[in-house]
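Okay, so here's the structure we're looking at.
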Amino acid sequence: MESVGSIIMYLIIALSIIVFSVLTVTSRKILRAATYLLFTLFATAALYFKLDYEFLGAVQIAVYAGGIVVLFVFAILLTSHPGHSSERLVSKKRALGFVAGVATLLVAGYALLSRCCMAMTSLPEMSNPTMKQIGEAMMGTGEGQYLLPFEAISVLLLACIIGGVVVARKR
Amino acid sequence: MLSNILIYFVVIPLIMLAGLALCRNIKQIRTVAVIGSLALTALSVYLLVDYLGLRAAGATAPMLYTDSWSWFPQLHINMAVGVDGISVAMLVLSSIILLTGSFASWAINPMPKEFFLWLILLSTGVFGFFISIDLFTMFMFYEVALIPMYLLIGVWGSGNKNYSAMKLTLMLMGGSAFLMLGLIGIYYHSAPEGGELTWNLLQIRENAAIDRGWQYFLFPMTFVGFGVLGAMFPFHTWSPDGHASAPTAVSMLHAGVLMKLGGYGCFRVAIYLMPEAAHDLAWIFLILTGVSVVYGAFSACVQTDLKYINAYSSVSHCGLVLFAILMLNTTAMTGAIMQMLSHGLMTALFFALIGMIYGRTHTRDIRMMGGLMKIMPFLAVCYVIAGMASLGLPGLSGFVAEMTIFVGSFEHTDMFHRVFTIVACCSIVITAVYILRVVGKLLLGPVQDEHHLALTDATWWERTATVTLIISVAAIGCFPNFFANLIKFTFSPEIFAVIGMN
Amino acid sequence: MEVTIPVLILAIPLLMFFLLGLLGKYMSHKLAGILGTAGMGITLLLAYFTAFTYFFSGAPDFVDAQTGQRLQYIVFNQDWLAFYNNLVIRIGFLLDPISALMLVVITTISFMVHLYSNGYMRDHHGVYERGFQRFYAFLSLFSFSMLGLVVATNIFQMYIFWELVGASSYLLIGFYYTKPSAVSASKKAFIVTRFADLGFLIGILILSFYTGTFNFTEFTSAAVGESGNLFAVNEATAQGISNIFATSAAPMFMGASVLTWALVLIFMGGMGKSAMLPLHIWLPDAMEGPTPVSALIHAATMVVAGVYLVARLFPLYLMSTAALDIITVVGALTAFYAAMVACVQIDIKRVLAFSTISQIAFMMVSLGVARPEFHEGLGYMASMFHMFTHAMFKALLFLCAGAIIHAVGSNDYTEMHGLRKHMPVTHITFLIGCLAIAGIIPFSGFFSKDEILSACMGNSWLAYLWMSLVAGMTAFYMFRLYYLIFWWKEHKIHAGHHAPHDQAWTMTLPLVILAAVTCVAGFIPFGNLVSWNGEPYDFMAHFDWSIAAVSLIVALVGIGLATVMYRKENPMPAKMRNALPALWNWCFHRFYWDELYMFITHKIIFNGICKPIAWFDRRIIDGSMDGLAYISNKASWAIRGLQSGNVQTYVWIYLLGALLLGAITAICVI
Amino acid sequence: MDITMIYYLVPALIMFCCGVYGFITRRNMIAMLISLELMLNAVDINFVVFNRYLFPGQMEGMFFTLFAIAIAAAETAISIAIIINVYRSVKNVKVDDLTEMKN
């Protein structure tokens, strides 16, 4: 049995995820959409915190909210005139998108509900992964350690930096 | 690998290709083409003599000069070669036609280098096909022979060439699809349960493991697959358009050699490997081919384009080849192979002459021409000789081939087969009608077009090409027993034994 | 007998063909003419020598010493193409009475024609015609083929040379190839005979299949059986063959034995070559060729090939009297028909052509009525005899006609008239020819025709009366022709034209020789030389004076009628014509056979079969292939939209697929 | 009330569906990219939730999310660079109008 505060926390998080997600994709102004995305990402970070993954939540806020969304905003400001760029959705497209979304919901939801018993697992006890644990996991090569993906990601990021410079460079 | 004589039939064209790639001007190209094809002709004649020598010395194996080099062992694909009398005859035919075709395209324009490159690539496929006894390599060479046709017609052709090239290639590819299905089917039934699968013709024949039910499926596949190339009714319609658009040498090679690939394949794969199904299902294809013999001839009677006439006459004559093969007895099959030789040579001659006439008059419509005998007597006389060969004048090749087929087919005691033999016999009259119609309109009578009076007779290379072909046609016509024996000896008795015929 | 001479008989003309054909254009015209004639002359001598040796040497190869029967002798027989078992085409040389006879006939006429053409094939100023060398080359080719045909040892060899003869006839008829009428005539001749040859070929296929052989010796010996004939060579095969056909279990097809079928089909080949009704239409048109060609091919040699064929297989025909009856009927109808038509034609070569048809029909009838029971097969002998005499006098007539045409420059007799003073030699020789063909004693035609009528008499009264009537008509139309050419009032000679006159010696010499032969040939003891089974018999013993007298009277009546009507220009012919206009029209238009054939070939076959088939091929067969391409093309265009490059569409479709997969998994697995 | 796994999964699912909807409907490339981020985020949540509930002693899910965030950042950076580049040349970021490369 969870505490009431925890439940209220959960409700706030879940509600904001749902509401802001929907708003992200339905708002007609692109800058607003970016803002709603920011809120969604914050809500997700909060969810991570609630599930005792503080480090992950922090990364989520730092990278997503701090980095990506800012990138989005810059891009939007560079490519459009804010406030002016409302786009009208083609109704046929909207119908298609709606069907796709609902179909996904139905299929995945059916899968989820048909495994209801498993989905009903309650929260087990877990000690927070400490920074030491995370750092060791990241820097080691043994079992449950992720040096190789870490390096791969770093190379990927390097490639992205170079690629981004090359692509965006003025000819 | 190079110790086997047969491999040179592929090696020489490859060397020619390399040589052509290095050529700088038309003279060098001609030199390479003529020397190469002369070498091939010499090689094939040497092979013929050597083969007969070996046979005379008592070699009784179904195929001689057999050899096999592993290529892709996981799937049992080998480069396996070997020849019997039929293949030898076909090789001689191909090399002669390649040689004359090179002469006939002496002044090909534009891009002579590319033209000869593709032409030689095509003949590589042809030679490779005739020496292979491995179904897979056979199929590969078959495709190698087909593809260059598209470019040769599409680039160097005339008239509605894109359409024709596309149609020809697509229809033949459609046939190949059937064929491939059939060949793979044969491969998977090539050995008895648990035995090692093989693509080798002789091995498959020896195993005789394809059961009757599967034969009923695989025989039509392979027969139709090859039959498309052999212009079997109703899959012949690529032939008139394709030939009409193709340049001279390509028409010659295509009608003279490539269409023989079809007949040869039908015999070598479909009937040789699946005699029981051939025996049971022959009647279907007999009707089709018997119809096409007469049908092609009737169609030829009303055409006005020289190449169309000849293409339909090819439908008729090639129909006779398949018709005779399906009679499943030694005499008729000998006749079929002789008809292949004969038709190859005389159609090549026809197309060469049509190309030469077209090159001068710039029309192929017989209504626009007339009295060419007076203007270009050499070409006209050659055309008459070709026509006479086609309508079966004794002393030229058509007669012996047709007579062997008719006598052989009539040997079949079944009334159905006999009636169809008589139907096929009727084609000799219709053939006479359309040949004489063309000769009368085109060559005889008064000159139709004043401009034609200024035209010249054949040049020396054209004379070389036509005279070579005429001599070959007359050689078969005058000494048929030589060829008949060359072919006849190699019909393995066992396939007839299976069917219970002689 | 030495092999060399027979080989040379065949080889020399062939060699001449290649020599003149390939190198002719490098020769002068004169040299080519001399070479051709000399070559034929040598062949003539060799053939005479061979025939003489065969008939008169009495060597055991040729004559049975005890019975005096003549034997079939195969000089050489070379395998040419082996089919299976005994079915082998051989090229050989068979000597027997009829082949020896034909050797003589062919080489004689051929030599005469070669000689004659030296004069005929140039204009009045002695300038040779274009293609003179080619003409001689073709003549040599024809002689080779015809000689090969008559000496054939097996039926397939005969067929081979049969075709070659047809082809050389085609080339010669179409000699003036720039003339459209000559071109179409040659085409017609080839195609009609080719059609007949189809029957011949099928007949051969049937016959050879059941007998297992192509060889004449085996056919004939089989047919004659064991009745003590000397043609038997291979007793075992012979027995087998006679068993096949003679027993009651003979294979039947549609109510007739296969032998009858085979023989009738083979006779169809003969009908084509010998211009029997209804396959006669090519012969009158074939007169488009140069006249010497008409004399050689279309009067004396090639057109009797059909008769020769039947004679060759005569013992087999005896086994099927139905086939013989068919031959008789066809021959009798043809004879009458051709005689009718000949009575009204105005082109002299056409008249001669129809008279040829009629005379060949005589030979056919004679073979058809021949039976061994009656006068030891008199009909067979008579037929061969008539073939011989007819060759001579008909060649004579044609060569005379050629001389006249050459002199006048037209085929139409209305432009001739009264030539007897200008061309005395031609006149006399032509008259001899006419007398011979009319059957006046002592010219050769009288004897041979009399034999034929006797043979008909032996078969039935009806045949006899019918053929006598035709004989009378023959006399009538030949003398009509004679009077129209040589009598009547002559035309005025236009200024600048030469008066017609006798031609150069090269042309008159053959006329004189042939006329001389015609005068004496009747007295040859023919029965000693030729008979159906080789047994010689006395010719005069079968000579029936009553029949001879009747036929003589009939001929005289015919001549008399012609004299009354055509001796001088008078209104009688026109009156008769007006009295029966329909009959005259039908005769003049040859009973509209050509129109009928035109209708069949053009309207029915060409427009009714060929064109629809071509249309069917282009539209239906090819159309369905194109339709296939069209459908796939359309289908490609239809699904082309899927490859729009629009990533949202891709996602949508991807999702749909993924969801479908997911749904399936969810339903099935969970 | 116990907050079980499904309580987290359902919002994640809804988020994912919103991403799908947005990706298909939006014409603006940046908006599409935003929708993509939503989907990615939804998946991240799933990883974390499964890790937390089913394998609490391990850290695979967390690390996967960690790396996914890094990759998302890189991907976004590159995409935006491309978008800006495209905008520079055609003055438009509507996905339907970008058909120049097609022909």
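The values are calculated or read from the model by the stated rules, or taken from the named source; none is laboratory data. The model shown is predicted, which means the values in this text are computed figures rather than measured ones. Note: ideal-geometry Cβ built from the backbone for every residue, glycine included; neighbour counts use all protein chains shown.
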| query | Does C:Ser644 fit the bill of being more than 30 Å from B:Met232 (Cβ to Cβ) and either surrounded by 12 or more Cβ atoms within 10 Å (Cβ to Cβ) or more than 9 Å from chain B (Cβ to nearest Cβ) (or both)? | reply | yes
| said: For the stretch B:206-221, give me each residue that is surrounded by 20 or more Cβ atoms within 10 Å (Cβ to Cβ) and in contact with a Leu (Cβ under 8 Å, 6 or more places away or on another chain). | reply: B:Ile210, B:Phe219, B:Met221
| remark: In the stretch C:602-632, anything surrounded by 15 or more Cβ atoms within 10 Å (Cβ to Cβ) and of a type in the set (S, T, N, Q) is listed as none
| List pairs: first in the stretch B:178-197 and closer than 15 Å to B:Leu218 by Cβ and touching a residue at least 40 places away in the same chain (Cβ under 8 Å), second of a type outside the set (A, V, I, L, M) and surrounded by fewer than 18 Cβ atoms within 10 Å (Cβ to Cβ), Cβ under 9 Å, 6+ apart or cross-chain? | B:Gly182/B:Phe217; B:Ile186/B:Trp214; B:Leu197/B:Tyr188
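Let's see how each residue does on (1) over 20 Å from the mean Cα position of the chain (by Cα); (2) of a type in the set (Ser, Thr, Tyr):
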site: B:Leu197; (1), (2): yes, no
site: B:Gly227; (1), (2): no, no
site: B:Gly230; (1), (2): no, no
site: B:Thr289; (1), (2): no, yes
site: B:Gly296; (1), (2): no, no
| task | Go through the stretch D:29-43 and give me each residue that's more than 7 Å from chain A (Cβ to nearest Cβ) and within 16 Å of A:Ala14 (Cβ to Cβ). | result | D:Ala42
| Options A:Gly144, A:Gly140, A:Gly97, A:Gly109: the member that is modelled with pLDDT under 85 and at the interface with chain D (Cβ under 10 Å from one of its Cβ atoms) | A:Gly144
| Verdict on B:Gly242 being under 23 Å from C:Phe616 (Cβ atoms), in contact (Cβ under 8 Å) with a residue 24 or more places away in the chain and within 14 Å of another protein chain (Cβ to nearest Cβ) | yes
| query | Quick check: anything in the stretch A:136-144 under 23 Å from D:Ser79 (Cα atoms), among the aliphatic types (A, V, I, L, M) and out of contact with any strand residue (DSSP E or B) (no Cβ under 8 Å at 6 or more places or on another chain)? | reply | no
| field | Qualifying residues in the stretch D:67-83 (those that are within 10 Å of D:Met29 (Cβ to Cβ), surrounded by 19 or more Cβ atoms within 10 Å (Cβ to Cβ) and over 13 Å from the mean Cα position of the chain (by Cα)) - the one nearest to the other protein chains (Cβ to nearest Cβ) | value | D:Ile80
| query | Can you find even one residue in the stretch B:361-380 that is without any contact (Cβ under 8 Å) to a residue 24 or more places away in the chain, more than 9 Å from chain C (Cβ to nearest Cβ) and surrounded by fewer than 24 Cβ atoms within 10 Å (Cβ to Cβ)? | reply | yes
| task | Could you check A:Glu54 against (1) touching a residue at least 40 places away in the same chain (Cβ under 8 Å); (2) at the interface with chain D (Cβ under 10 Å from one of its Cβ atoms) and say which number it fails? | result | (2)
| field | Which numbered condition A:Leu123 fails, given (1) facing chain D (nearest Cβ under 7 Å); (2) modelled with pLDDT of 85 or more | value | (2)
| said: I want to confirm something. Restricting to the stretch A:27-86 and keeping residues that are among the polar types (S, T, N, Q) and assigned to a helix (DSSP H, G or I), which single residue is farthest from A:Asn128 (Cα to Cα)? | reply: A:Thr79
| request: Please list, ordered by first then second residue, the pairs with beta carbon atoms under 9 Å, 6 or more apart or interchain, first in the stretch C:503-515 and hydrophobic (A, V, I, L, M, F, W, C), second surrounded by fewer than 15 Cβ atoms within 10 Å (Cβ to Cβ). | output: C:Ala504/C:Gly126
| Residues of the stretch B:304-326 that turn out to be buried (at least 24 other Cβ atoms within 10 Å of the Cβ) and within 12 Å of chain C (Cβ to nearest Cβ), as a count | 5
| query | Among the residues of the stretch B:411-425, is there at least one that is assigned to a helix (DSSP H, G or I), within 7 Å of another protein chain (Cβ to nearest Cβ) and not basic (Lys, Arg)? | reply | yes
| request: Would you mind finding the one in A:Tyr36, A:Tyr48 that is surrounded by 18 or more Cβ atoms within 10 Å (Cβ to Cβ), under 15 Å from the mean Cα position of the chain (by Cα) and under 17 Å from D:Leu33 (Cβ atoms)? | output: A:Tyr36
| query | Can you find a residue in the stretch B:131-147 that is surrounded by 24 or more Cβ atoms within 10 Å (Cβ to Cβ), of a type in the set (Phe, Trp, Tyr) and more than 17 Å from the chain's Cα centre (by Cα)? | reply | no
| query | Quick check, is C:Gly41 surrounded by 13 or more Cβ atoms within 10 Å (Cβ to Cβ) and either more than 24 Å from the chain's Cα centre (by Cα) or part of a helix (DSSP H, G or I) (or both)? | reply | yes
| Taking the stretch C:581-600, which residues are closer than 29 Å to B:Asn310 by Cβ and surrounded by 15 or more Cβ atoms within 10 Å (Cβ to Cβ)? | C:Tyr597
| remark: Checking C:Ala196, C:Ala152 in turn, the sole residue that is buried (at least 24 other Cβ atoms within 10 Å of the Cβ), more than 9 Å from every other protein chain (Cβ to nearest Cβ) and part of a loop (DSSP other than H, G, I, E, B) turns out to be C:Ala152
| Residues of the stretch C:91-114 being farther than 20 Å from C:Tyr54 by Cβ and either within 14 Å of chain B (Cβ to nearest Cβ) or surrounded by fewer than 24 Cβ atoms within 10 Å (Cβ to Cβ) (or both), which ones? | none
| said: With farther than 14 Å from B:Val438 by Cβ, free of Cβ contacts under 8 Å to residues at least 60 places away in the same chain and either within 13 Å of another protein chain (Cβ to nearest Cβ) or surrounded by fewer than 24 Cβ atoms within 10 Å (Cβ to Cβ) (or both) as the only criterion, which of B:Gly392, B:Gly408, B:Gly335, B:Gly387 stands out? | reply: B:Gly392
| field | Residue that is over 29 Å from C:Thr4 (Cα atoms), at pLDDT 85 or above, of a type outside the set (S, T, N, Q) and in contact with a helix residue (DSSP H, G or I) (Cβ under 9 Å, 6 or more places away or on another chain), where the choices are C:Phe93, C:Phe132 | value | C:Phe132
